Amino acid sequence: MDSTQEDTECSHKHGQVSRGKKPFWKDTKLCWTDYPGKSVEADIFLYYHVEMAFYISLLISQFFDVRRKDFVEMFIHHVATLFLIGCSFIINHLSIGALIMFVHDWSDPILEFAKLAVYTKPSQKKAHPQSVSKWITDVGFVIFMCVFFWSRLYFYPAHLIYSAAFELMDAVGPAHWPMHNLFIALLCLLWCIHVYWSFQILRVLFSFVLAGTVTGDVRSDTEVSSADDREQTANGGQAITRRRNTSSPNES
């Protein structure tokens, strides 16, 4: 397991601990109780630091990792997320911020687990381990897709963005300060990126239906590796494409 996967699990587990103690999980209106003079709780404070460190590491490692076609989108996502974490901390949107971070952590461990099965690639001579790896990959992809769509396309805008934009006004009156407006704008930008990624996931789903299996990383059709050509081999009558390309890093 690499450092990114360990960081993902660490932030997710801490989010679970923090979320379990908070009443605002069941009612987002409670995020704005005693606002704006609400005190910073120790576990939320720690959760913010863990998430900030995690996304800083992602932002830096992106320049040293395999160059992917969604490099720009990932860069925008990481920068927007870091601004959101900092902005929400400054204006004391800590409760809703913790919920937003936790909801965004839901699908990540499932994706990393499915990717482990993809990258394991058992020997073709060992049919049983290979079938287990294929089953884990396929089931993991389906679960990841369902969780991603529900948490980021529905729950995130319908409950969390709504709470920050409207329930706050119900609690304390209209919020016209610039940092709050920036916070709402960045939340909407993040949702737009999720919509883009959802279309990419649907493309993989279409390939999954046609091929009957996920033949690579969930992001494999947007991944650019460092080699020279594209090699195709047959495995049980199914074509497996290994993407190898020497095109410029800015290839779309």
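Does SER88 satisfy being at pLDDT 80 or above, among the small types (Gly, Ala, Ser), more than 14 Å from the chain's Cα centre (by Cα) and crowded, with 18+ Cβ neighbours inside 10 Å?
The answer is yes for SER88.
Going through the range 86-123 one residue at a time, which ones are outside any helix (DSSP H, G or I), aliphatic (A, V, I, L, M) and without any contact (Cβ under 8 Å) to a residue 40 or more places away in the chain?
Listed by number, the list is empty, since nothing qualifies.
Output yes when any residue across the range 143-150 is in contact (Cβ under 8 Å) with a residue 60 or more places away in the chain, more than 14 Å from the chain's Cα centre (by Cα) and under 22 Å from ILE193 (Cα atoms), and no when none is.
Checked against the condition, which is being in contact (Cβ under 8 Å) with a residue 60 or more places away in the chain, more than 14 Å from the chain's Cα centre (by Cα) and under 22 Å from ILE193 (Cα atoms), the range 143-150 yields no hits at all.
Identify, please: which residue in the range 58-77 is over 17 Å from the mean Cα position of the chain (by Cα) and touching a residue at least 40 places away in the same chain (Cβ under 8 Å) and is, among those, surrounded by the fewest Cβ atoms within 10 Å (Cβ to Cβ)?
The residue in question is VAL66.
One line per residue, one yes/no per condition, for (1) within 21 Å of TYR196 (Cα to Cα); (2) touching a Pro at 6+ places or on another chain (Cβ under 6 Å); (3) open to solvent by 30 Å² or more (accessible area, probe 1.4 Å); (4) assigned to a loop (DSSP other than H, G, I, E, B):
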{"site": "PHE45", "(1), (2), (3), (4)": "no, no, yes, no"}
{"site": "ILE56", "(1), (2), (3), (4)": "no, no, yes, no"}
{"site": "VAL79", "(1), (2), (3), (4)": "yes, no, yes, no"}
{"site": "LEU84", "(1), (2), (3), (4)": "yes, no, no, no"}
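Out of (1) modelled with pLDDT under 90; (2) at negative phi, the odd one out for ILE56 is which?
It is condition (1) that ILE56 fails.
The values are calculated or read from the model by the stated rules, or taken from the named source; none is laboratory data. Since the structure is predicted, the reported quantities are computational estimates derived from the model, not experimental observations. Neighbour counts are summed over all protein chains in view; Cβ atoms, including those assigned to glycine, are modelled from backbone coordinates with ideal geometry. Note: accessible area is taken over every heavy atom of the protein model, side chains too, but ligands, DNA and RNA are not part of it. Shrake-Rupley method; radii C 1.70, N 1.55, O 1.52, S 1.80 Å.
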